[in-house]
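Novice: Below is one structure. I have some questions about it.
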Amino acid sequence: MYEFAEPYSDAYKLKNIIVCNEVMTAEAKPKGHRNASPRRIHFGIGRKMMSFFRSSKSGRGKPRSQHTPIFSKIHPAKRPALHSRRQSSNEDEPECFHRAIGNILLMSQFFGILPIRYIRSSSVRNFSFYKFAPRVIYSYFVLLAISVMTSISFLHLFRTLNANSFQTKGGIADATVGAMFYGNSLLGNLMFLRLCPKWISIQHDWRAMERLIDNNGKWKGPVLRWRFTLISSTILSLALLEHILSMVNNTPSDVWFGKKNLEDFLIIYTNKSHRFIVRNAGVDYNFTLGLFIFFISKVSTFTWNFTDLFIMLVSTGLAERYKRLNARILEATPAQLSVTDWHELRECYAVLSALVKKVDNEISGIILLSFTNNIYFICLQLLNGLSPSTAEHPIINSIYFFGSFIFLIGRTTAVTLLTARINDQCKLILPILYNCPSVNYCREAQRLQQQIATDDVALTGHRFFSITRNFMLAVAGAIVTYEVVLLQFNIALQRDEELNNMAAGSNG
């Protein structure tokens, strides 16, 4: 079983995030703590966090919850109940993040994604990941099957992508769409498999953050279950409808009225949508090959949709935490907050910011993959929609195109907006801090204001870009730019085709 602990250097990263910003104010003593040394207090927090990570490295496979959780409180005398981080029960609250997302992650395991044992457990201490567990072996099989499809797709890409592809109508799409689709699925499954042991570590830290911010039940946490159910059911239902329309568009109408059996359906579907696989596989078509292609294409389709859904759910969980913290300040008003309250709030924001950075460090590659794949297919769908259609069923083809294009645009927009909520909610409290009355404005409030104003809290695409609301405009601009280039190729091809037809007519 993988170790739950991260490398020792991560403790220094978290210490730098939360502690180093506090060194500049070490000379001033906070009000109400006459005998406390701020420098000692601040570096005490760092030592507590580092001891937490060290303790989880002491033995392989030990549950993380046996050690002192991260981010201990620094006023145990005044809040003894908070100083102890052990739960009296083995079960966590139903609305905590890992329980709210558990059913969705369990469903993904049927497609070989995140094969973690006891993913629906009521306690994160039960999570485990073994290299040779049955569900992990199944994930290896799915990964191997997708690798075969990806290899054949890239072989087709290398054989067909040449100068003639840019001079043939639909040549670019025919050469690249298979490689992009199955390449995205292969990278996605690899990233999720690599994420498994780190996801367990993240969930331990996430649960420790929830207990700290909720003050062991004193403050009510966000309600996540119905949000996750609504988002998941909407995305997956629309994805299923879009995929059914795609299958109808790629098969003749008599298949859907009982005039063809399963074997006939697989032959028609494979030759229509995966002709390049049969052509480059080096084997003749048979029923087993048809079933294999049908199964892997559905797994790859789910992986594509689940990648976006996973980013939405993680972003929603983090953004709702910031929203609850902001609500605590809005409900109390700055005039009612003491120095101790400001210190506790600043500590909560620092802990949550550290967790966002840790999550981003592990899933930023998945975010980059998601946006790259979505931009490619948006450009491809838009180009196909602006080109004259030669489909056998133009009405069904039009319905499929508009439905698929709107769903793709809407899903990409939802990923961007829900992920950008993390940055929005983090900065939302700044006007309240700016308007804090001077009589209540203390050093802790100033440090909280400086921390929120200067810290860049957002998920990123492998640190190439940060996902904020402004990022949506950048994505739209990139799509327009790529589409203009593709349309220029399309217009040139149509002009050459018309000239060839005129020349052929004059010769005839």
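The values are calculated or read from the model by the stated rules, or taken from the named source; none is laboratory data. Everything numeric in this text was worked out from a predicted model, so none of it was measured. Note that each Cβ is placed from the backbone with ideal geometry, even for glycine, and that neighbours are counted across all protein chains shown. Heavy atoms of the whole protein, side chains included, go into the accessibility calculation; ligands, DNA and RNA do not. Shrake-Rupley method; radii C 1.70, N 1.55, O 1.52, S 1.80 Å.
Novice: Just to verify a result, which residue in region 376-391, among those that are at pLDDT 60 or above and among the polar types (S, T, N, Q), is surrounded by the most Cβ atoms within 10 Å (Cβ to Cβ)?
Specialist: Only one residue fits best here, namely Q381.
Novice: Restricting the search to region 298-324, which residues are surrounded by fewer than 22 Cβ atoms within 10 Å (Cβ to Cβ) and more than 30 Å from Y376 (Cβ to Cβ)?
Specialist: E320, K323, R324
Novice: Counting only residues that are charged (D, E, K, R), over 32 Å from the mean Cα position of the chain (by Cα) and more than 19 Å from D174 (Cα to Cα), how many does region 277-304 have?
Specialist: Total satisfying the criteria: 1.
Novice: Within region 263-279, work out how many residues are touching a residue at least 24 places away in the same chain (Cβ under 8 Å) and open to solvent by 20 Å² or more (accessible area, probe 1.4 Å).
Specialist: Here the count works out to 4.
Novice: Which one of these is at pLDDT below 95, in a loop (DSSP other than H, G, I, E, B) and surrounded by 14 or more Cβ atoms within 10 Å (Cβ to Cβ): N216, N184?
Specialist: N216
Novice: A follow-up question, please. Residue under question is N435, and the condition is that it be at pLDDT below 85 and in contact with a helix residue (DSSP H, G or I) (Cβ under 7 Å, 6 or more places away or on another chain); does it hold?
Specialist: Spelling it out, it is not the case that N435 is at pLDDT below 85 and in contact with a helix residue (DSSP H, G or I) (Cβ under 7 Å, 6 or more places away or on another chain).
Novice: Among all residue pairs at least 6 apart or on different chains, which show Cβ distances below 7 Å where the first residue, located in region 392-417, is among the basic types (K, R) and the second is open to solvent by less than 50 Å² (accessible area, probe 1.4 Å)?
Specialist: R411/I235; R411/D308
Novice: For region 219-235, which positions are part of a loop (DSSP other than H, G, I, E, B) and among the β-branched types (V, I, T)?
Specialist: Listed by number, the list holds a single entry, V223.
Novice: Going by the conditions given, is I422 assigned to a helix (DSSP H, G or I) and at pLDDT below 90?
Specialist: So I422 fails the test.
Novice: Out of the residues in region 398-450 meeting the condition of being basic (K, R) and open to solvent by 40 Å² or more (accessible area, probe 1.4 Å), tell me which one is nearest to N373 (Cα to Cα).
Specialist: Per the criteria, the residue is R421.
Novice: Same structure again: Of (1) over 21 Å from A208 (Cβ atoms); (2) open to solvent by 10 Å² or more (accessible area, probe 1.4 Å); (3) of a type in the set (D, E), E344 satisfies all except one. Which?
Specialist: Of (1) over 21 Å from A208 (Cβ atoms); (2) open to solvent by 10 Å² or more (accessible area, probe 1.4 Å); (3) of a type in the set (D, E), only one is false for E344: (1).
Novice: Which of (1) open to solvent by less than 80 Å² (accessible area, probe 1.4 Å); (2) modelled with pLDDT under 85 does N500 not meet, given it meets every other one?
Specialist: Answer for N500: the failing condition is (1).
Novice: Within region 431-463, which residues are part of a loop (DSSP other than H, G, I, E, B) and under 24 Å from the mean Cα position of the chain (by Cα)?
Specialist: Correct list: D455, D456, V457, A458, L459, G461, H462, R463.
Novice: When residues of region 112-138 are filtered for being buried (at least 18 other Cβ atoms within 10 Å of the Cβ) and at positive phi, how many remain?
Specialist: Number of matching residues: 2.
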